[in-house]
Amino acid sequence: MADEHRRAETIAAANGIGTDTAFGAVTPPLYLSTTYTFAEFEKARAYDYARLGNPTRDQLADTLAKLEGGARAVVVASGMAALDLALSSLRPGDLLVAPHDCYGGTHRLLSMRAERGHYRVAFVDQTDETALRAALAEGPRIVLTETPSNPLMRIVDIRRTTALAKAAGALSVVDNTFLSPALQQPIALGADLVVHSTTKFLNGHSDVIGGAVVAAEATLGDELAAWANTIGVTGSPFDAYLTLRGVRTLFPRVERQQRNAGAVAAFLAAHPAVARVYYPGLPDHPGHAIAKAQQRGFGAMLSAEIAGGREAVRRLVGALRVFTLAESLGGIESLIAHPVTMTHAAMDPQARERAGLGDGLVRLSVGLEAEDDLLADLGRALDAVARG
């Protein structure tokens, strides 16, 4: 069966399987060599130096490109390196339109680049079409979208936003880390580039830092690959090997995780110690209809406002036993984070206020544990919060 006719689940599980021509290995081998012999003087082989190209890294890149429906993927050392690479065409004076409620590391990178004069940034609520159109009227070079947003789970209509960006002459970049290609394919909705922190759901085991950029068109992908080699941000072969191993189980992991997340969201929404739940799978979420139209599921990420603010959060996390207080997300284990003091601590208070990040907000990455254990753990901890 030709690759283009294979379902995404098959690509994730089987791309590259049984293709080794040296020894017939079923699993694609790991190539750790930094350098490769030349066939003869002035005649390089397919690979010569690992920063430029590596068979293991290329196998992961090929798999990710196919999963996202893109022409080429570039695998780099971290999610932040992937985002920086995706924005590398920006020049001094160019305008970048970015989400006002993006991941804290993204906000830090863009703000620091802007402070150094590398480009200009307009942080915009992209769910507000009036505000978005006003920003697009300024002639941006790139529009960066993060949907669902981190951590408030706001949903941006990708098809609408990319169409508006294209009409304004801008490139569309979509961060797809929260959902992965298992649940959303932004290129099919008009995106030019898709960014991933492969550290998260793609790897899925909280043991590898990595990133990737997937280009809809080969020419743009080639340009990014050349620049990644020039500045030396390409990922290591061993990290690529482990990430590809994680991708093999992406679909069953995400299916189970989002089922657990739906149960957790419903449980939290009914608990008196919780003021509000942010999960697109809940029918009263403002972006529910858009999420249902452009996603294949609602994902395993959600956030909640705990009544009582920071001190209530302190009691909550102190009482939890199954959920672990830690940054990052997308692993097989369930994590809880406090954005104001953890993932978004680098944002200035005014920016956090504009984004809607309060002291009582917690972000949950729901894992593969038994649903009953997750709900019981949250129930005990929330009861402790209610008792004060």
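We did not get these values from a lab; they are worked out from the coordinates using the rules stated. What you are looking at is a predicted structure, and each value in this text was computed from that prediction instead of being measured. When we count neighbours, we look across all protein chains shown, and the Cβ atoms used for this are built from the backbone with ideal geometry, even at glycine.
Quick one: plug the Kirkwood hydrodynamic radius of the range 349-388 (C-alpha pairs) into Stokes-Einstein at 4 °C, 1.567 mPa s, and report D in µm²/s.
The calculation lands on 104 µm²/s.
Using amide H atoms built 1.01 Å from N in the peptide plane, name the residues 5+ places from residue 275, or on other chains, whose amide H lies under 5 Å from its own.
Long-range HN contacts for residue 275: 305, 306, 307.
By how many degrees, between 0 and 90 and to the nearest 10, does the Cα long axis of helix 371-387 differ from the longest principal axis of the chain?
Helix 371-387 sits roughly 40 degrees off the main axis of the chain.
Taking the Cα centre of the range 187-344 as origin and charging only Cβ (+1 Lys, Arg; -1 Asp, Glu), how large is the dipole, in debye to the nearest 20?
So the magnitude is around 720 debye.
Find, to one decimal place in angstroms, the Kirkwood hydrodynamic radius of the range 148-242, where the mean of 1/r is taken over every pair of different Cα atoms and then inverted.
Final number for the Kirkwood radius of the range 148-242 is 14.5 Å.
Based only on Cα atoms, what Rg/Rh ratio does the range 1-159 have, Rh being taken as Kirkwood's radius?
1.08
Starting at the first residue of the range 290-304, write each ³J(HN,Hα) from the Karplus equation 6.51 cos²θ - 1.76 cosθ + 1.60 with θ = phi - 60°, in whole Hz, x for Gly and Pro.
Computed from phi, the couplings for the range 290-304 are 5, 4, 5, 7, 10, 10, 9, x, 9, x, 10, 10, 7, 10, 8 Hz.
Bins of 10 Å, beginning at zero and ending with the bin holding the largest distance: percent of Cα pairs per bin for the range 250-387, please.
Spelled out bin by bin, the range 250-387 gives 12, 43, 36, 8, 0 percent.
Of 289, 226, 183, which is farthest towards the positive pole of the chain's charge dipole, taken about the Cα centre with +1 and -1 on the beta-carbons of Lys, Arg and Asp, Glu respectively?
289
Each residue of the range 49-62 in order: what ³J(HN,Hα) in whole Hz does its phi give by Karplus 6.51 cos²θ - 1.76 cosθ + 1.60, θ = phi - 60°, with x for Gly and Pro?
Per-residue couplings from phi come out as 9, 5, 5, 7, x, 8, x, 5, 4, 5, 5, 5, 4, 4 Hz.
Whole-Å semi-axes of the range 1-62's equivalent ellipsoid, largest first, each the root of 5 times a Cα gyration tensor eigenvalue?
27, 12, 11
In whole Å, what is the distance between the alpha-carbon centres of the range 169-241 and the range 71-113?
Spelled out, the Cα-based centre of one part sits 11 Å from the other.
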